[in-house]
1. As an exercise, use a Förster radius of 35 Å and the Cβ-Cβ distance of Lys186 and Thr60 to find the FRET efficiency, rounded to the nearest 0.05.
2. Just to confirm a number: summing +1 for Lys and Arg and -1 for Asp and Glu over residues other than Ala138 whose beta-carbon lies under 11 angstrom from that of Ala138, what do you get?
3. Could you name the aspartates and glutamates in cross-link range of Lys105, using Cα to Cα under 20 Å and dropping any fewer than eight places away on the same chain?
4. Report the label-to-label distance for Ala48 and Glu146 in nanometres (one decimal), using points 7 Å from each Cα along the Cα→Cβ vector.
5. With unit charges on the beta carbons (Lys and Arg positive, Asp and Glu negative) and the dipole taken about the Cα centre of the chain, which residue among Ala39, Val75, Val118 sits farthest to the positive side?
6. Which angle from 0 to 90°, rounded to the nearest 10, does the C-alpha axis of helix 183-195 make with the longest principal axis of the chain?
7. Would you mind checking the tilt of helix 155-175 against the longest principal axis of the Cα atoms of the chain, expressed as 0 to 90 degrees and rounded to 10?
8. So, by mean Cβ neighbours within 10 angstrom, what's the order for 188-195, 137-144, 40-47 with the highest one leading?
Amino acid sequence: MPYRRTPAVQARLDAQRVVIFEAAVDSLATHGYAGCSVAAVATRAGIATGSVYQHFPSKTGLVVELFRSVVAFEVAAVEEASTQSEDPVKRIVAVLETFASRALKAPRLAYALLAEPVDAPIEAERLVFRRAFIDVVASRIEEAIEVGALPPQDAELSAAALVGATAEVLIGPLTAESADASVLEKLSLFTVRALGGSLVRNA
C-alpha cells in the first residue's frame, strides 16, 4: 500500500514550501540570480539545504517557479493600472509607467527578471514574461486605434517595440546606485510620441 501523507504532515510541508518560496524571493531581490543558491535560500529560510530539495528539484526549478509567480503578479498590476483612466492613450502610458516604477522600487529583483544572465529554462520564462507584457500593451493600443486616439498601426509591433525600449531604458537605472527621478516622465513622453498620440489632460 503506498504511503499517504496525513493532513497534518501535508500542512507542515505546504507551510515549509511557502517559507522557502518567500526566502527565495528575498534572496533574489537582495543578491540576484547569481546569489540565489539553494544553500543561500535554505539559510534564509532557516532550514536544512536538503529540505529545499524536498520541494524543488534544483535551483533552476525553484527560480523558474519564482519567476512565474512574480511575473503573474506584475502583469496583474499593470493590467489593473491600465484601467484607471478614461483616456485610451493614458491607459497605455499607465502600463509602462507602472511596470517601470515598480521595477525601480525593487531594482535588484527587476534586473534579475529583465536582464541578468540566467540558465536557459529561466530565459524561456523571461520570454513568456515579455510576451504577456506585450499582449497587455497591444490590447490597449488596439483600443486606442479603434476610438481614433491613435493613428492606424501594427499594434503588436508597436507594443513589442515599446516593451523592448522600456526594458532597455531601465537597465541603467536598475544597476545604478540611484535612479534619475525623471526617467518615468521621459519614458511616458517617448511612449506617446512613438505611438503618434497625445494625452488628454485630467482624463
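1. Using R0 = 35 Å, I get an efficiency of 0.45.
2. Around Ala138, the charge tally is -3.
3. Glu22, Asp26, Glu74, Glu79, Glu80, Glu97, Glu116, Glu168, Glu177, Asp180, Glu185
4. Simple spin-label model gives 5.8 nm for this pair.
5. Going by the Cα projections, it comes out as Ala39.
6. The angle comes out near 60 degrees.
7. On a 0 to 90 degree scale, this one is about 60.
8. Highest-to-lowest ranking by the protection proxy: 137-144, 40-47, 188-195.
Taken together, the values in this text are just the output of simple stated rules run on the coordinates, not laboratory data. Note that the structure is predicted; figures quoted are calculated from it, not measured. For neighbour counting, all protein chains shown are included, and Cβ atoms are generated from backbone atoms with ideal geometry for every residue, glycine included.
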